[in-house]
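In what follows, a single structure is set out as structure tokens and then discussed.
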Amino acid sequence: MRGEVILRLVRLADSGSGMASRGFRRGAIRSLSRDAVRRLAADELDVGTERVQLAFDCRDCLRGNDGSHGQPYLLLDGNPAPVRVSYSRSGDWLLAALSFRPVLLGVDLEDTGSAAFGEDDNIDAVMLTPDERELLARAVDRRRLRAQLWTRKEAVLKSTGHGLRLAPDAVGVADAEGSALLTIWPGSAGERPGVQLVDLQLTPAMADGTAVPPTLAAALAIGGSADPGVIFRETLAVPR
């Protein structure tokens with residue numbers, strides 16, 4: 001059984017044209033992302049894309065767990081596939097994580113240029129623990145640290161299936177030096193998950209030289225390994 005985590009970085013659309021300028025609606029972007037994940041998973045499973053389906057499970061869902069949203073999982077020929085999946089999109093970029101081990105898995109991708117990570121209208125009030133507020137107060141690049149803390153929290157909450165139904169400021173994801181570590185987990189959410197947190201260093205450019213925005217920040221949460229092996233694959237674009 002393959003033990004590594006496979007990461008796939010994908011550009012969903014040409015950044016020169018821009019999804020917004022081409023009139024993509026939110027639903028269309030969501031569909032494009034999900035189709036990309038199916039293609040990437042089929043590639044790793046070495047099967048036809050038509051054999052792979054992407055489904056969702058939303059635990060304790062107040063809107064009804066109808067399979068349209070929540071924690072993603074893969075079906076192969078209608079049965080559970082032997083691979084775990086998590087993915088995240090920021091603008092034209094999508095990051096997908098796959099593991100052939102039956103472990104907790106979550107990944108998140110954010111753009112540090114977002115207003116949510118700036119100084120005027122940020123997400124500090126809903127995101128930070130008291131210790132993380134102290135870290136931020138003495139940080140040189142506060143925007144980057146905000147984004148990195150958020151990606152860690154999202155990755156953990158995706159891996160457990162809680163999502164943002166669990167308040168981000170109830171989860172601690174940094175040690176005293178600011179390194180990635182799950183330090184606080186609310187007892188009301190059950191036993192603390194045995195996950196490792198990894199800040200991901202994205203490739204600065206694709207194989208053809210296409211630049212990957214340096215403003216992107218990403219994190220991985222993976223269960224069952226203190227030092228998960230990571231294989232990074234890149235895909236320039238996913239055809240529609």
Identify the single condition in (1) more than 24 Å from ARG26 (Cβ to Cβ); (2) hydrophobic (A, V, I, L, M, F, W, C); (3) assigned to a loop (DSSP other than H, G, I, E, B) that LEU145 does not satisfy, given that it satisfies every other one.
-> (3)
In the range 212-240, what count of residues is obtained for those that are of a type in the set (A, V, I, L, M, F, W, C), at pLDDT 90 or above and either surrounded by fewer than 14 Cβ atoms within 10 Å (Cβ to Cβ) or in a loop (DSSP other than H, G, I, E, B) (or both)?
-> 1
Please work out which one of (1) open to solvent by 50 Å² or more (accessible area, probe 1.4 Å); (2) over 27 Å from PRO228 (Cα atoms) is the condition GLY187 fails and give its number.
-> (2)
Taking the options ARG146, ARG142, name whichever one is farther than 20 Å from SER88 by Cα and of a type in the set (Lys, Arg).
-> ARG142
Considering every residue within the range 128-147, establish whether at least one is of a type in the set (A, V, I, L, M, F, W, C), without any contact (Cβ under 8 Å) to a residue 60 or more places away in the chain and within 24 Å of ARG59 (Cα to Cα).
-> no
Has the range 154-166 got at least one residue that is on the phi < 0 side of the Ramachandran plot, surrounded by fewer than 16 Cβ atoms within 10 Å (Cβ to Cβ) and aliphatic (A, V, I, L, M)?
-> yes
Output the residues belonging to the range 87-142 that are open to solvent by less than 40 Å² (accessible area, probe 1.4 Å) and either at positive phi or assigned to a helix (DSSP H, G or I) (or both).
-> ALA116, PHE117, ASP124, MET127, GLU132, LEU135, LEU136
Please identify the pairs in which a residue from the range 25-43 that is without any contact (Cβ under 8 Å) to a residue 60 or more places away in the chain and more than 13 Å from GLY91 (Cα to Cα) has its Cβ atom under 6 Å from the Cβ atom of a residue that is open to solvent by 40 Å² or more (accessible area, probe 1.4 Å) and in a helix (DSSP H, G or I), counting only partners at least 6 apart or on another chain.
-> ARG38/THR49; ALA42/THR49
Cβ-Cβ below 8 Å, separation at least six or inter-chain, first residue in the range 77-95 and without any contact (Cβ under 8 Å) to a residue 12 or more places away in the chain, second part of a strand (DSSP E or B): which pairs?
-> PRO80/TYR73; PRO80/LEU74
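The values are calculated or read from the model by the stated rules, or taken from the named source; none is laboratory data. All of these numbers come straight from a predicted model, not from anything done at the bench. Positions of Cβ are backbone-derived with ideal geometry, glycine not excepted, and every protein chain shown enters the neighbour counts. SASA here: full protein model, heavy atoms, side chains in, ligands and nucleic acids out. Shrake-Rupley method; radii C 1.70, N 1.55, O 1.52, S 1.80 Å.
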